[in-house]
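To start, the structure itself, in structure tokens.
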Amino acid sequence: MTVLSARGVSKAFPGVQALSEVGLGAESGEVVGVLGVNGAGKSTLMSILGGLVHADDGEILLDGAPISPQDPAAAARLGIALIHQEPSISPTMTVLENLFATSFPTRHGLLDRSSMRERANRVLDHMGVTLDLDEPGSQLSQAQRQLVEIARALLANPRVVIFDEPTSSLDDNERQALFSLIRELKDGGAVVLYITHFIDEVFTVCDRVVVLRDGRNAGEVGTQEVTHDDLIRLIVGDEVVERPRDSRIAGETALRVRDLRAADSEYGWSFDLAEGEIVGLWGLLGSGRSTLLRCLIGLHPTAEAELEVRDATGAMVATTPRALFRRSGYVPEDRHRQGLALSLSVRANLTISALGSLARLGWVSSAEEAAAVTHAIQAGGIKVASSERPVSVLSGGNQQKVVLNRHIIREPRFWMLDEPTRGLDVGARGEVHDSIAAMADAGATVLMVTSDVDELLQLSDRVLVLSRHGDLTSRSAGVEKDELMRLAQASRSETVLASRSETVAREA
């Protein structure tokens with residue numbers, strides 16, 4: 001029985017036809033994948049179903065009856081829950097308060113915190129997740145914020161659950177727990193719409209796939225009827241060229257790090273990075289990947305740090321995290337909260353970190369700024385009708401490209417990348433991979449945090465693995481996936497032995 005369907009749905013924004021007569025249907029107990037490149041219209045369609053956006057034409061049916069939710073609260077009353085890729089978590093509210101932000105339960109006119117805790121723990125246990133209910137939203141990692149967003153939606157026992165890139169911030173264990181939860185929702189008769197750029201996830205959880213391309217239906221297939229390559233061709237419309245990892249020889253040591261220690265940790269990190277080298281930084285959630293990166297460039301308080309960089313004469317000279325930051329291009333994990341000024345134009349976002357180099361006698365040269373913006377847009381493959389458009393109207397993938405390519409104007413010596421391809425489609429990911437390789441080929445040093453093991457091994461010349469205790473181990477690019485997982489979950493003594501073994505192997 002068809003529970004939810006969309007017929008002939010169209011939606012236009014200024015300068016962009018986002019959807020053109022799109023159709024979609026889903027039955028009770030079915031998981032339908034909604035695929036397409038960034039800008040294909042997936043999130044727009046889901047936003048219409050979830051009451052965030054109103055369609056210009058077409059109709060939405062629930063149990064055969066037309067509906068038109070005017071806002072998310074109206075959609076929720078109909079039993080439709082939209083779980084966003086970018087969680088809307090209040091930094092000043094606790095996890096518990098964020099979970100019930102849209103409907104606080106009361107008893108005798110007072111907030112019923114006992115009931116809130118009981119219901120919250122029940123949902124989190126069901127998800128296989130442990131969160132401190134009293135932790136303020138400002139202290140949550142991106143992955144924890146995503147888990148809170150999912151739990152908040154499930155508290156209402158929805159009939160239709162829409163997941164928009166739910167695993168882009170989750171580690172492998174959390175992904176598996178989410179997949180189990182989706183199977184339980186399916187077994188309970190719920191409709192699940194699942195947006196993802198990870199093709200392997202489609203075959204893990206989806207029964208059927210609807211593909212959008214350029215705001216139109218491009219195809220609909222059962223997951224038992226197609227291969228991985230078939231789906232990619234359907235998504236992008238042509239053959240995708242595999243990008244094998246080129247082997248490169250690292251140059252001289254560009255950065256030497258000794259006893260880098262976060263202010264809230266008793267353990268320090270020591271490692272070297274070479275010129276023209278891509279070093280992947282990997283570990284499970286909570287291992288401190290982003291913390292290490294942010295400590296290195298002064299964005300997280302450090303207790304101590306001994307850093308040296310190679311100067312123009314070839315000598316290693318002492319530096320500080322803040323000084324290293326000025327030499328670096330930094331791409332944060334959370335592009336909305338940390339990477340973009342959403343109310344400003346694409347032009348302003350691309351040049352905001354390079355105004356000093358574009359200024360003459362204190363005034364920004366309009367001609368140089370225009371040339372720099374054009375170069376950044378073309379080099380990054382950013383799709384935008386005009387650089388004066390607000391960056392907020394771009395697709396998630398194009399927003400990420402703005403964050404990455406704003407730094408090319410300054411030509412930094414170091415690149416510090418935290419999940420640089422999060423939320424990007426298969427084509428855009430390949431473009432970003434090419435950009436990262438080009439950085440290293442030009443002699444820059446790249447340190448990259450990624451949760452995607454395949455991406456880690458494809459791009460990296462060397463891998464630094466953080467254990468669950470925060471210990472750091474170096475491995476060559478040929479490391480096997482099971483070895484990465486073993487190191488990530490190792491005890492402190494096991495990690496020390498592994499580090500010594502790697503040192504002996506390199507010296508031999």
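The values are calculated or read from the model by the stated rules, or taken from the named source; none is laboratory data. In this text the structure is predicted, and so the values were computed from the model without any measurement. Positions of Cβ are generated from backbone atoms using ideal geometry, with glycine treated the same way; all protein chains shown enter the neighbour counts. Surface areas here come from the heavy atoms of the whole protein model, side chains and all, with no ligands, DNA or RNA. Shrake-Rupley method; radii C 1.70, N 1.55, O 1.52, S 1.80 Å.
A few comments on the model shown:
- Pair-distance profile P(r), taking every C-alpha pair of region 295-427, with 10 angstrom steps and integer %: 12, 38, 32, 16, 2
- Accessible surface of region 347-428, 1.4 Å probe, proportion on carbon and sulfur as whole %: 57
- Among 396-402, 26-32, the order from most to least packed when residues are scored by Cβ within 10 Å on average: 396-402, 26-32
- Extension gain, GLU388 back to ARG360 (0.36 nm per residue minus Cα-Cα distance, nm): 7.8 nm
- In the distance distribution for the chain, Cα-Cα pairs more than 41 Å apart total 23 percent.
- Solution diffusion estimate, µm²/s, Stokes-Einstein, region 168-230, Kirkwood Rh from C-alpha pairs, 10 °C, viscosity 1.306 mPa s: 122
- Segment HIS54..ARG113, full-extension length gain: 17.7 nm, with 0.36 nm per residue of separation and the alpha-carbon distance subtracted.
- Percent of Cα-Cα distances greater than 11 Å, calculated over region 263-305: 72
- Full-stretch length increase - ALA323, GLN378 - with 0.36 nm per residue and alpha-carbon distance subtracted: 16.8 nm
- Using a simple spin-label model with pseudo-atoms 7 Å out from Cα toward Cβ, GLU368 and SER476 lie 4.6 nm apart.
- Each residue of region 322-334 was assigned a 3J(HN,Hα) from its phi angle through the Karplus curve 6.51 cos²θ - 1.76 cosθ + 1.60 (θ = phi - 60°); the sequence is 5, 5, 5, 4, 5, 8, 10, x, 10, 10, x, 5, 9 Hz, with glycine and proline shown as x.
- Per residue accessible area of the chain, 1.4 Å probe, in Å²: 44
- Burial ranking of peptide ranges 155-166, 414-425 (average Cβ count within 10 Å, highest at the top): 414-425, 155-166
- Listed pairs LYS383/LYS481; LYS11/LYS383; LYS42/LYS186; LYS11/LYS186 exceeding 28 Å between Cα atoms: LYS383/LYS481; LYS11/LYS186
- The H on the amide N of THR302, modeled in the peptide plane, is under 5 Å from the matching H of ALA263, each at least 5 residues off or on a different chain.
- Quarter of the Cα convex hull surface for region 98-230, i.e. its orientation-mean projected area (nm²): 10.1
- ASP71-GLN338 pseudo-label distance in nm [points 7 Å out on the Cα-to-Cβ vector]: 3.2
- Along principal axes, Cα extents of region 23-95, largest first, whole Å: 41, 31, 29
- Note on the chain: helix-only mean residue ellipticity at 222 nm, from DSSP H runs of 4+ residues weighted -39500 (n - 2.57) and normalised by residue number, equals -10000 deg cm²/dmol.
- Size estimate for region 70-154 follows the Kirkwood approach: the inverse of mean 1/r over distinct Cα pairs works out to 13.3 Å.
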